[in-house]
1. Hey, what did the chain get for relative contact order, percent, Cα under 8 Å, at least 6 apart?
2. Skipping prolines and chain starts, which residues have an amide H placed within reach, meaning under 5 Å, of the one on V138, given they are 5 or more residues away or on another chain?
3. Extension gain E9-M174, at 0.36 nm per residue separation less the Cα-Cα distance, in nm?
4. Can you give me the orientation-averaged projected area of the convex hull built on the Cα atoms of region 11-50, in nm²?
5. Rank G22, G169, G52 by mean-square fluctuation in a GNM of the chain with C-alpha springs under 10 angstrom and give only the top-ranked residue.
6. Can you compute 3J(HN,Hα) from phi for each residue in region 71-87, using the Karplus curve 6.51 cos²θ - 1.76 cosθ + 1.60 with θ = phi - 60°, rounded to whole Hz and x for Gly and Pro?
7. For region 101-204, with equal point scatterers placed on the C-alpha atoms only and solvent neglected, what are the log10 I(q)/I(0) values from the Debye formula at q = 0.21 1/Å, to two decimals?
8. Just the Cα atoms of region 44-89: what Rg and Dmax do they give in Å?
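Just so it is clear, none of the values below were taken in a lab; they were calculated from the coordinates. Source: prediction; values computed, not measured.
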Amino acid sequence: MATPSLPDETVELTDHVAAFQGYFKVGRYFFRHSLYQGGQSAVISREVFERGHAAAVLPYDPRRDEVVLIRQFRAGSYVAGRHPWNWELVAGTFEEGETPEQLVRREAIEEADLRIGDLVPIHDVMLSPGSMSESCAVFLGRVDSANAGGVFGLESEGENILVKAVPFGDARAMMERDEIDNAVAVIGLQWLALHRDGIRGRWR
């Protein structure tokens with residue numbers, strides 16, 4: 001997605017090498033960019049974590065006023081010294097030729113055994129633009145949460161995912177107590193807090 005630029009914001013890529021290639025990829029990029037006071041910067045080098053792009057969905061049942069959250073082990077949280085199990089939205093990365101809408105519908109089945117109905121786009125965000133190339137398209141998805149819950153995920157990908165339907169008020173309280181510290185989940189829940197009445201009216 002294009003971001004509106006201010007006048008004279010330009011960048012030149014002078015070189016690029018692969019710094020690491022494993023389960024994930026790290027590229028080393030060399031740039032020269034414009035300066036706000038005029039002129040050009042010296043060449044700077046930055047390592048960029050290249051994971052690909054993602055999409056996520058907050059499953060919401062407007063009749064029961066419940067959201068469906070998932071919980072799984074996260075190595076990054078562990079390394080950061082946080083509790084390594086996170087409450088999150090259903091999410092994943094793209095398969096070839098897949099649209100964001102197709103991705104979240106597929107992942108909802110794989111991760112939570114949920115069928116998504118209507119989808120509403122929330123935001124398409126950069127997750128950590130200082131060091132990562134990954135973006136995430138975030139959606140609200142209509143579901144029937146009557147039978148939501150259990151343990152799912154693809155064993156072949158090492159997934160062990162707890163799925164839980166949570167009353168929206170409880171999920172919001174969890175977020176305010178910092179029990180939900182996943183950025184994409186916070187974005188989705190905050191958006192729903194702002195637009196919930198309109199969504200419930202539309203999805204009667």
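1. Reported as a whole number, the value is 21 percent.
2. Under 5 Å from the amide H of V138: A56, I122, H123, D124, V125.
3. Values: separation 165, 0.36 × 165 = 59.40 nm, distance 4.05 nm.
Contour length minus Cα-Cα distance gives 55.4 nm.
4. Values: hull surface 11.4 nm².
Mean projected area of the Cα convex hull: 2.8 nm².
5. Of G22, G169, G52, the Gaussian network model singles out G22 as fluctuating most.
6. Each residue's phi maps through the Karplus curve to give 9, 7, 5, 10, 4, x, 5, 4, 5, 6, x, 9, 5, x, 10, 10, 7 Hz.
7. -1.47
8. For region 44-89, the Cα radius of gyration and maximum Cα-Cα distance read 15.7, 53 Å.
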